[in-house]
Structures are given as C-alpha cells and as structure tokens.
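Q: Here's a structure for you.
The values are calculated or read from the model by the stated rules, or taken from the named source; none is laboratory data. None of the values given here were measured: they were computed from a predicted structure. With ideal geometry, Cβ positions are generated from the backbone for all residues, glycine too; neighbour counts draw on all protein chains shown.
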Amino acid sequence: MTVKETFKVMFFLSCVVTTFLLLFIGLQGVVFSQEISFDGWDLLKLISIAFASALPTLIFVGQEDASRLKTIVISSLHFVLTAGAVFGLQALYGYLDATNAFSIAVVFLVIYATAYTAIEIRAKKLADRLNERINAFHGAQNETHKD
C-alpha cells in the first residue's frame with residue numbers, strides 16, 4: 001500500500017470507528033434506558049480514539065509483496081497496536097475501568113472486525129475491477145492476433 005492509499009484507508013477507518021462508537025453508545029443508552037450526555041470534549045475524545053485506532057495502519061505501507069507469514073505477523077502487530085492505542089486512550093480518558101472492561105473489549109472486537117471486513121471487501125472489489133480490465137485487454141489483444 002502506498003502512503004497516499006494508506007491515508008485514504010486511515011480516513012475511512014476513522015469515520016467507520018467514529019460512527020460505530022457513537023452507534024454503540026447510543027444503543028447502550030436506549031437498551032439500558034440511560035441518559036447519556038456529551039460535551040465538546042467528550043466528542044473530541046471519541047474522535048481522537050478513532051484517529052488513534054487508525055494510526056497503526058501505517059505499518060502496511062510498502063507491504064504489498066509480503067509473504068503470507070509476514071502478512072500474518074504484520075496483521076497481528078496491527079491488532080495489538082490498535083488495541084493498545086484504543087485501550088490506552090480509554091484508560092487515559094477515564095472510560096475504562098474494571099466494571100466495563102469486558103463490554104469495551106467486545107465493542108472493540110466488533111468494530112475492529114467490521115472495519116477489517118469493510119477494508120477487505122473494498123480491496124476485493126478493486127482487485128475484481130482490475131482483473132476485469134486485464135482480462136478485457138488480453139481478450140482484445142488475442143482477437144487482434146487471431147488473423
């Protein structure tokens with residue numbers, strides 16, 4: 001992945017994570033009939049958590065030709081760095097304590113899996129479009145050489 005592509009993915013991930021954070025907080029308020037109030041600082045904290053969760057994506061720069069093992073190691077490292085950034089900021093902001101650690105971990109896993117799946121689907125669609133173009137080019141090239 002190039003640096004430009006990585007920044008696009010980071011922006012996309014930040015938006016996905018912010019949306020899901022707000023969705024889960026809203027659902028928690030509805031399901032448990034809790035009144036939830038935010039001030040400006042709370043919203044900025046959520047956005048900073050979303051941004052920090054996207055930062056580890058930078059380790060994928062230049063890793064297009066990585067072996068399968070290296071890809072697994074880099075993906076695992078990405079997960080650990082992302083979890084560290086998210087849980088570290090939540091602890092710093094006072095959102096993480098012993099009573100809600102499990103629910104925050106579940107929400108983190110759901111958001112991580114959703115974002116990872118969304119990125120993989122986008123990459124597969126792009127690969128399919130590129131393969132269609134390549135096949136069309138080769139088909140046209142083969143037609144011209146049949147004569």
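Q: Do you know which residues across region 74-91 are surrounded by fewer than 17 Cβ atoms within 10 Å (Cβ to Cβ) and touching a helix residue (DSSP H, G or I) at 6+ places or on another chain (Cβ under 9 Å)? Full working, then the answer.
A: First pass over region 74-91, keeping only residues surrounded by fewer than 17 Cβ atoms within 10 Å (Cβ to Cβ): 74-77, 79-80, 83-84, 88, 91.
Once the filter is applied, which keeps residues that are surrounded by fewer than 17 Cβ atoms within 10 Å (Cβ to Cβ) and touching a helix residue (DSSP H, G or I) at 6+ places or on another chain (Cβ under 9 Å), region 74-91 yields Ile74, Ser75, Leu77, Phe79, Val80, Ala83, Gly84, Gly88.
Q: Please enumerate the residues belonging to region 1-43 that are farther than 20 Å from Ser75 by Cα and within 19 Å of the chain's Cα centre (by Cα).
A: Just the residues of region 1-43 that are farther than 20 Å from Ser75 by Cα, to begin with: 15, 18-43.
The answer is Cys15, Thr18, Thr19, Phe20, Leu21, Leu22, Leu23, Phe24, Ile25.
Q: Here's a follow-up. If you check every pair at least six apart or on different chains, which have Cβ atoms under 7 Å apart with a residue in region 93-107 that is within 13 Å of Ala83 (Cβ to Cβ) and modelled with pLDDT of 80 or more first and a residue that is of a type outside the set (Gly, Ala, Ser) and outside any helix (DSSP H, G or I) second?
A: Ile104/Leu96
Q: Return yes when Phe137 is exposed (fewer than 10 other Cβ atoms within 10 Å of the Cβ) and among the aromatic types (Phe, Trp, Tyr) and no when it is not. Spell out the reasoning first.
A: Numbers: exposed (fewer than 10 other Cβ atoms within 10 Å of the Cβ): no; among the aromatic types (Phe, Trp, Tyr): yes.
So Phe137 fails the test.
Q: Can I ask one more? For region 44-70, name all the residues that are of a type outside the set (D, E, K, R), modelled with pLDDT under 90 and over 14 Å from Thr82 (Cβ atoms).
A: Scanning region 44-70 gives Val61, Gly62, Gln63, Ala66, Ser67, Leu69.
Q: Say whether the condition of being surrounded by 17 or more Cβ atoms within 10 Å (Cβ to Cβ), touching a residue at least 60 places away in the same chain (Cβ under 8 Å) and closer than 23 Å to Leu126 by Cα is met by at least one residue in region 61-73. Show your work before the answer.
A: We begin by selecting, within region 61-73, every residue surrounded by 17 or more Cβ atoms within 10 Å (Cβ to Cβ); these are none.
No, region 61-73 has no match at all.
Q: If you take the residues of region 108-138 that are of a type in the set (Val, Ile, Thr) and under 13 Å from Leu13 (Cα atoms), which of them is modelled with the lowest pLDDT? I'd like the intermediate steps shown before the answer.
A: Keep residues of region 108-138 that are of a type in the set (Val, Ile, Thr), which gives 110-111, 114, 117, 119, 121, 134.
Next, only the ones that are under 13 Å from Leu13 (Cα atoms) stay: 111, 114, 117, 119.
Numbers: Ile111: 80, Thr114: 83, Thr117: 85, Ile119: 76.
Once the filter is applied, the top-ranked residue is Ile119.
Q: Scanning region 1-37 for residues that are aromatic (Phe, Trp, Tyr) and farther than 18 Å from Ile104 by Cα, which turns out surrounded by the fewest Cβ atoms within 10 Å (Cβ to Cβ)? Break it down stepwise before answering.
A: Taking region 1-37 and keeping what is aromatic (Phe, Trp, Tyr), we get 7, 11-12, 20, 24, 32.
Filter once more, so that each one left must be farther than 18 Å from Ile104 by Cα: 7, 11-12.
Values: Phe7: 15, Phe11: 12, Phe12: 16.
For region 1-37, the residue satisfying everything is Phe11.
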